[in-house]
Each structure stands twice: as structure tokens, then as C-alpha cells.
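Heads up, the thing below is written out as C-alpha cells.
Nothing in this text is a laboratory measurement; each read-out follows from the coordinates by a stated rule. Note that this is a predicted model, so its numbers are computed, not measured. All Cβ positions, even for glycine, are placed from backbone atoms using ideal geometry, and neighbour counts span all protein chains on display.
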């Protein structure tokens, strides 16, 4: 398998955010409550890929990204250490605080038995925060655009 670069990780984050945008309009429709799990799954992976793209663009290594795994709090901490400005955004920190355990434990893919409630960020807030994160990473790291496939 080819190693991802900052651009391919960023494109993944961007694509997941766009998929979230397609779901959001239907989430409030009667009988559509089941869209919460796919929405949160996309949100978790978009956050992870966005920060991992920023880490590579800031000079980090694929090894660091692998060591982070799916731990969004560790993504945030490593991004802050690497100077990723979006890591200090209070909205980003709040969404990651809410998404950390569900994403780390794959609760949106494999909903645990006997779980009555999984606390997630409100969808519109999560999407707005994610789009802000993606925009901030794009602006801070022009190298990502240079790595885009042509």
C-alpha cells in the first residue's frame, strides 16, 4: 500500500466533510434519526485525517500518524505541538472532546450492546467546526496544494 501524503489525507477529510453536508439536510426529517451514526463516523474520520494531513504538512512523519491511531485527543495534542493553529480553536477542542471515545472505540461502526446514549456534538456545530478546521489547515499549509495530484 502506498503511503499517504498530506494532500491525500486532506482530500479524505474534505470528502468526508462534503458527505456530512449531504446528510445534514435529511437528519431532521421524520424517520431519519438513523443518520446520526454515519454522520458521526464521517466526522470522526474527517477530524483525524485533517489533523494528520496538517501534521505531515508541518514536517511530521507517517510513523507519528500511525502511532496516533484513531485517538483524536492525541491528534490534537500532536497538532498543537507541531504549531497547527487550528488545534487551539475552542470549537475544535469541544468537538474532539465529545468525539474522542466514540471514534477511538469505533462506536459508530460497531454500536456497543446495552448502550443507551452516546453523547455527540450537535450536527450543524460539528460540520461548521470541521469546515473551519479544513479551511484553516488549507490556509496554513500551502504545501498541501502543491502535493495535490494533477
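Just one of (1) crowded, with 17+ Cβ neighbours inside 10 Å; (2) under 23 Å from residue 142 (Cα atoms) trips up residue 15, so point out which.
For residue 15, the failing item is (1).
Can you list the helices (runs of 4 or more DSSP H) found entirely within the stretch 82-150 that contain at least 3 residues being buried (at least 17 other Cβ atoms within 10 Å of the Cβ)?
In the stretch 82-150, the matching helices (runs of 4 or more DSSP H) lie at 90-104, 123-140.
Which ones in the stretch 43-54 are within 10 Å of the chain's Cα centre (by Cα) and buried (at least 24 other Cβ atoms within 10 Å of the Cβ)?
43, 44, 46, 47, 48, 49, 50, 51, 52
For the condition without any contact (Cβ under 8 Å) to a residue 60 or more places away in the chain and either more than 14 Å from residue 133 (Cβ to Cβ) or part of a helix (DSSP H, G or I) (or both), what is the one hit in 41, 74?
Details: 41 fails: without any contact (Cβ under 8 Å) to a residue 60 or more places away in the chain.
Just a single option satisfies the conditions, and that option is 74.
Is the stretch 56-66 home to any residue that is out of contact with any strand residue (DSSP E or B) (no Cβ under 9 Å at 6 or more places or on another chain), within 30 Å of residue 29 (Cα to Cα) and not in a loop (DSSP other than H, G, I, E, B)?
No: the stretch 56-66 contains no residue that is out of contact with any strand residue (DSSP E or B) (no Cβ under 9 Å at 6 or more places or on another chain), within 30 Å of residue 29 (Cα to Cα) and not in a loop (DSSP other than H, G, I, E, B).
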